[in-house]
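Everything on this sheet refers to the single structure shown next.
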Amino acid sequence: MNRALNFNAGPAALPAEVLIEAQKHLLNFNGTGMSVMELSHRSKPYEEVHDGAISKLRKLMNIPDDYEVLFLQGGASTQFSMVPMNLLQEGKTASYILSGAWSEKALKEAKKVGQTSILASSKDSNYNSIPEFTLSDLSPETAYLHITSNNTIFGTQWQNFPDSPVPLIADMSSDILSKNLQVEKFDLIYAGAQKNLGPSGVTVVIMKKSLLERSTDALPTMLNYKTYAENNSLYNTPPTIAIYLLKLVLDWVENQGGVTAIEKINDQKAKLLYDAIDESEGFYNGHATPNSRSKMNVTFTLQSEEATKAFLQQAKEEGFVGLNGHRSVGGCRASIYNAIPLEHVEKLAEFMKKFSQK
């Protein structure tokens, strides 16, 4: 069968090689006579999958030994609550930089837990850029600084990360593993898997072990990071099939040449689409300012609603899926995560050029 030209924002495309490998072992995983979905999460065959996924992620991201790698459920949205519940001590303030809808939602949940502040925001310009900020404006009582590294709805992305004087927390759901990263800059990174890491159902948390001291026993068991750290994320039944697929995705990244090779391809894909926008003489207009453009979510508008409808209809007829823009921005959005093949992006860029010429 022909694979769809899938540009969905999430759940997003998985590498075809990963799906084929999973299909091979769907009924009989490693001679067990069972699917991974049927294995006990306490069994040795699953243990190898679980520990292998943690080990491979550590290797690919160069995660230091003084960081925990945890697997949780509930998506990034649950982390909006868990981060302040575990890290926002009484008498302290959590500071947020707002660069889109998801950072707004993270702030909303933190307000339910304790004191918060907004260090910077680009809401006034409909989140078309990463806002400017001054770290010296942080209060001495700041518990942590929270950012969202990539904004799927608005198509903006942090190009450089600050050397924060307080613990830096990052929601990296939509660009983790898409480029090289200095993990040491961050005290906690969290990411829903359904963009670059695997299917929906598992959330990865990478955190400094020293931060665990802030998690009190008064917290609900399943909302306490210590529960996961002390039990290798196996306190209860984890999402075993999602972790298995995450492991296969990590193997795929390694086979591509690692994160450095993935980043190079991602740069090529983004350049193709942004060139198509910039060279269209105003037919297409990018939502994000050039210095904040995302290499994961390319957002753009056309000159009229009629032109947008025609573009999306013809794109659908050509086999493209998931190009509708979010209602907050309108227009179109092409999500070009790691698993999107370069040739699919080449086809989209060519379609954009032909459509504008016609």
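The values are calculated or read from the model by the stated rules, or taken from the named source; none is laboratory data. In this text the structure is predicted, and so the values were computed from the model without any measurement. Neighbour counts run over all protein chains shown; Cβ positions are idealised from the backbone, glycine included. Quick note on the areas: whole protein, heavy atoms, side chains included, nothing else; ligands and nucleic acids left out. Shrake-Rupley method; radii C 1.70, N 1.55, O 1.52, S 1.80 Å.
Listing for the model above:
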quantity	calculated
Residues of segment 172-194 satisfying the condition of being open to solvent by 10 Å² or more (accessible area, probe 1.4 Å), in contact (Cβ under 8 Å) with a residue 40 or more places away in the chain and either of a type in the set (A, V, I, L, M, F, W, C) or not in a loop (DSSP other than H, G, I, E, B) (or both)	Leu181, Glu184
Residues of segment 245-285 that turn out to be touching a strand residue (DSSP E or B) at 6+ places or on another chain (Cβ under 7 Å) and under 22 Å from Tyr46 (Cα atoms), as a count	0
Candidate set: segment 302-346, residues that are of a type in the set (Ser, Thr, Tyr) and surrounded by fewer than 21 Cβ atoms within 10 Å (Cβ to Cβ); chosen: the one farthest from Val249 (Cα to Cα)	Ser304
All positions within segment 130-161 that are modelled with pLDDT under 95 and either surrounded by 13 or more Cβ atoms within 10 Å (Cβ to Cβ) or in contact with a Pro (Cβ under 8 Å, 6 or more places away or on another chain) (or both)	Ser139
Where Leu98 falls short, out of the listed (1) in contact with a Leu (Cβ under 9 Å, 6 or more places away or on another chain); (2) open to solvent by 20 Å² or more (accessible area, probe 1.4 Å)	(2)
Positions within segment 1-47 being free of Cβ contacts under 8 Å to residues at least 12 places away in the same chain and in a helix (DSSP H, G or I), in sequence order	Leu19, Ile20, Gln23, Lys24, Glu38, Lys44, Glu47
Filter pass, Ala53 being open to solvent by less than 60 Å² (accessible area, probe 1.4 Å) and assigned to a strand (DSSP E or B)	no
Members of segment 143-170 found to be closer than 30 Å to Glu213 by Cα and either among the basic types (Lys, Arg) or in a loop (DSSP other than H, G, I, E, B) (or both), listed by number	Ser149, Trp158, Asn160, Phe161, Pro162, Asp163, Ser164, Pro165, Val166, Pro167
Failed criterion for Phe7 (all others in (1) under 27 Å from the mean Cα position of the chain (by Cα); (2) closer than 30 Å to Ile169 by Cβ; (3) surrounded by fewer than 13 Cβ atoms within 10 Å (Cβ to Cβ) hold)	(3)
Residues of segment 10-21 classified as within 16 Å of Ser173 (Cα to Cα) and touching a helix residue (DSSP H, G or I) at 6+ places or on another chain (Cβ under 9 Å), total	2
Residue check for Ser81: part of a helix (DSSP H, G or I), hydroxyl-bearing (Ser, Thr, Tyr) and open to solvent by 60 Å² or more (accessible area, probe 1.4 Å)	no
Number of positions in segment 201-222 that are over 22 Å from Glu47 (Cα atoms), open to solvent by less than 60 Å² (accessible area, probe 1.4 Å) and among the aliphatic types (A, V, I, L, M)	3
Residue in segment 320-329 that is among the small types (Gly, Ala, Ser), in contact (Cβ under 8 Å) with a residue 60 or more places away in the chain and at negative phi present	yes
Qualifying residue in segment 301-316 (condition: closer than 25 Å to Leu19 by Cβ and out of contact with any Asp or Glu (no Cβ under 7 Å at 6 or more places or on another chain))	yes
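Quick grid of which residues meet (1) open to solvent by 70 Å² or more (accessible area, probe 1.4 Å); (2) aliphatic (A, V, I, L, M); (3) in contact with a Leu (Cβ under 7 Å, 6 or more places away or on another chain):
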site	(1), (2), (3)
Asn2	yes, no, no
Ala16	no, yes, no
Lys24	yes, no, no
Asn28	yes, no, no
Val36	no, yes, no
Lys44	yes, no, no
Asn62	yes, no, no
Glu68	no, no, no
Gly74	no, no, no
